[in-house]
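The values are calculated or read from the model by the stated rules, or taken from the named source; none is laboratory data. Quantities reported herein were computed from a predicted structural model and do not represent experimental measurements. Glycine also receives a Cβ, built like all others from the backbone with ideal geometry; neighbour counts cover every protein chain displayed.
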Amino acid sequence: MKNALEVLEERGFIEQLTHEDEIRELFAKNEPITFYIGFDPTADSLHVGHFLTVMAMAHLQRAGHRPICLMGGGTGMIGDPTGKTDMRQMMTVETIDHNVACFKKQLSHFIDFDDDKAIIANNADWIRNLNYIDFLREIGVHFSVNRMLTAECFKTRMEKGLSFLEFNYMLMQANDFLELNKKYGCVMQLGGNDQWSNIIAGVDLIRRKEQKPAFGMTFKLLTNSEGKKMGKTEKGAVWLDPEKTSSYEFYQYWRNVDDKDVENCLALLTFLPMEEVRRLGALEGSAINEAKEVLAFELTKIVHSEEEAQKAQQAARALFGGGAQGGSVPETEVSAAEFGEGMDILSILTLTKLCASRAEGRRLVQQGGLKLNDEKVESFDLVVTKEMLQDGSVMLQKGKKSFHRLKVTE
C-alpha cells in the first residue's frame, strides 16, 4: 500500500521538497504527522487555485495525517508580494475577519475537523499583538537581508519597488511555522510552488532557533498544457462559493477544459483511482467527452454536492441536446410588472450580466454570438414579448458555452 507521499507523487502534486531523504523516511514510517497550509483571506471565497492544495490536504488526512488550516488574519493585513507586480490593496480588519469566517465555513466542507482530526488556526492570534522590537530580536536576527533579496518572490518586485511593509511578509510566515510547531507539533509546511521561498524561510527558522526537524513541500500550480493558470473565465475567477460561481457554471468550466488537460485535472482534483484516471485520460476523439463529463461531475460533486452535480449535468445535456429545460442553469427573475408587454434584448443582456453594457450587447448581436430559445438573434432592436416565453421564461445563449435563463414571475 502506498504511503501518503507516494500517493501525492503518483497523482502529480509534488513540485519540490526540502530535505527529500528525511521526508521520504518520515512518510515511510506511516506514523501521523501534523502539517499546515496557509490561506490569506484576500476574498470572501476560496477559488479553484486554492482547491488543488485543499485536495492535497484531504489526501493526507485520509492517510491518517493531521492538517492545520491556517487563516491569515494577521498576514492578510500585510499582503503576500509573491507573484504580484504591484502591492496588494490594503483591507480593513472587518473585511479580513469576514473573509476568514467564509474560508473556515468552506474548508469544513472538505476537511474533517471532528475529534482533533484537523485544526483551524488564525495567525491574527499572535501577529496582531506583536511587539515589533521583540519580534526583531527573536525572529529578525535569524534572517539575512542579502539572502532574502535573492528570493524569487522579492526579485520579481525589485524593478517596480518593494515596500518595507511587504518585505516583512517572509518573516511573518516563517514565524507562523514556528508558532504552529510550538503549539501543535507541526513539522511540515505545504503550499503552491510560488511559496517556495517563504516555506524555506520557515523551515530554516525552526532548524536554527529550535534545533528541531522541519520540512517543506510545494505543489505544482494548477496550469493547462500551455503553462497558463487555470481557473479563470471571462467573468473572472472560478470560485468555490455557489453565490459567486453557480454549480452549473462550475460544471461547465470543467466540461470544457482542453482535451490535453483532462487527465491532469482528474488526477489532481478528484479522488478517482489512478487506474480510472489513466483509462479516461487515454480516450481519444469524441470519446474524450466521456472523460470530461466525469471530470465535471466529480469536481462539482466534491465542491457543491452530488445533487448539484446531477442537476448541472442534466442541464448541460439538455442544453447541448437542443433542449432548454431542467437543471441548474444560471437564472435571473424579473417580475411581470417590470417585464410589462416586453423587454428589449439589450436590457435583458445587461440585466442578466451576460454583457456589461448595451454597447457590448450590440457587438455580441452584430457578431452573431447570441441565441434566444435556440434561435439566432439577428437584430439588437429585438423586443422579447410574452408570446416568446416558454413556461414563463426564455433561454439565452452567448457564444457556445454561456447559458442564462430569464424567468418572468407573477
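For this structure, a couple of remarks:
- Evaluation of G185 against (1) buried (at least 17 other Cβ atoms within 10 Å of the Cβ); (2) at pLDDT 95 or above (one fails), failing number: (1)
Residue-wise test of (1) surrounded by 17 or more Cβ atoms within 10 Å (Cβ to Cβ); (2) touching an Asp or Glu at 6+ places or on another chain (Cβ under 8 Å); (3) part of a loop (DSSP other than H, G, I, E, B).
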{"residue": "M91", "(1), (2), (3)": "yes, no, yes"}
{"residue": "T95", "(1), (2), (3)": "no, no, no"}
{"residue": "F110", "(1), (2), (3)": "yes, no, yes"}
{"residue": "D125", "(1), (2), (3)": "no, no, no"}
{"residue": "N129", "(1), (2), (3)": "no, no, yes"}
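- For the stretch 112-123, taking the residues that are hydrophobic (A, V, I, L, M, F, W, C) and in contact with an Asp or Glu (Cβ under 9 Å, 6 or more places away or on another chain), the one that is farthest from L299 (Cα to Cα) is identified as A121.
- Tally, over the stretch 355-402, of residues that are in a loop (DSSP other than H, G, I, E, B) and aliphatic (A, V, I, L, M): 4
- Options V100, V141; residue that is assigned to a helix (DSSP H, G or I) and under 30 Å from F271 (Cα atoms): V100
- Among (1) at pLDDT below 90; (2) buried (at least 17 other Cβ atoms within 10 Å of the Cβ); (3) not acidic (D, E), the one test that G321 misses: (2)
- The single condition from (1) under 24 Å from E298 (Cβ atoms); (2) in the same structural domain as E31 (by TED's automatic domain parsing); (3) free of Cβ contacts under 8 Å to residues at least 40 places away in the same chain that L190 fails is (3).
- Counting the residues of the stretch 372-388 that are within 37 Å of the chain's Cα centre (by Cα), closer than 19 Å to V408 by Cα and surrounded by fewer than 17 Cβ atoms within 10 Å (Cβ to Cβ) gives 2.
Yes/no matrix, rows are residues, columns are (1) among the charged types (D, E, K, R); (2) in a strand (DSSP E or B); (3) modelled with pLDDT of 95 or more; (4) closer than 22 Å to D112 by Cα:
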| site | (1), (2), (3), (4) |
| --- | --- |
| L8 | no, no, yes, yes |
| E22 | yes, no, yes, no |
| G38 | no, yes, yes, yes |
| Q61 | no, no, yes, yes |
| P67 | no, yes, yes, yes |
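- Close Cβ contacts (under 8 Å, 6 or more residues apart or on different chains) running from residues in the stretch 294-308 that are over 18 Å from V257 (Cα atoms) to residues that are at pLDDT 95 or above and of a type in the set (D, E, K, R) comprise E308/K301.
- Meets criteria (within 16 Å of Q195 (Cα to Cα), assigned to a strand (DSSP E or B) and in contact with an Asp or Glu (Cβ under 9 Å, 6 or more places away or on another chain)) for G76: no
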